[in-house]
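The values are calculated or read from the model by the stated rules, or taken from the named source; none is laboratory data. Everything numeric in this text was worked out from a predicted model, so none of it was measured. Glycine also receives a Cβ, built like all others from the backbone with ideal geometry; neighbour counts cover every protein chain displayed.
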């Protein structure tokens, strides 16, 4: 279970979401998530509909660097 902290651009709510396995394709600008991002208020969101919070950026960075080992 991988939880990342997001902020929904629609309702402005901060939330943690279990996005499952994360892959970092070398030819894409964004990571791929196994599961959907689900805002508790708005439901399923795309990456364009949410922001990674500062905490979320740190969490994602830690996961990325752990996969490099």
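When 46, 53, 2 are checked against the criterion of being modelled with pLDDT of 95 or more and surrounded by 13 or more Cβ atoms within 10 Å (Cβ to Cβ), a single residue qualifies: 53.
Here is a yes/no grid of residues against (1) touching a helix residue (DSSP H, G or I) at 6+ places or on another chain (Cβ under 6 Å); (2) not in a helix (DSSP H, G or I):
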{"site": "5", "(1), (2)": "yes, yes"}
{"site": "16", "(1), (2)": "no, yes"}
{"site": "26", "(1), (2)": "no, yes"}
{"site": "64", "(1), (2)": "no, no"}
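Each row is one residue, and each column tells you yes or no for (1) over 14 Å from residue 1 (Cα atoms); (2) out of contact with any strand residue (DSSP E or B) (no Cβ under 7 Å at 6 or more places or on another chain); (3) outside any strand (DSSP E or B).
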| position | (1), (2), (3) |
| --- | --- |
| 11 | yes, no, yes |
| 20 | no, no, yes |
| 30 | yes, yes, yes |
| 51 | yes, no, no |
| 55 | yes, no, yes |
| 60 | no, no, yes |
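Within the range 4-29, the residues that satisfy the criterion of being without any contact (Cβ under 8 Å) to a residue 40 or more places away in the chain, closer than 22 Å to residue 65 by Cα and over 10 Å from the mean Cα position of the chain (by Cα) are 21, 23, 25, 26, 27, 28, 29.
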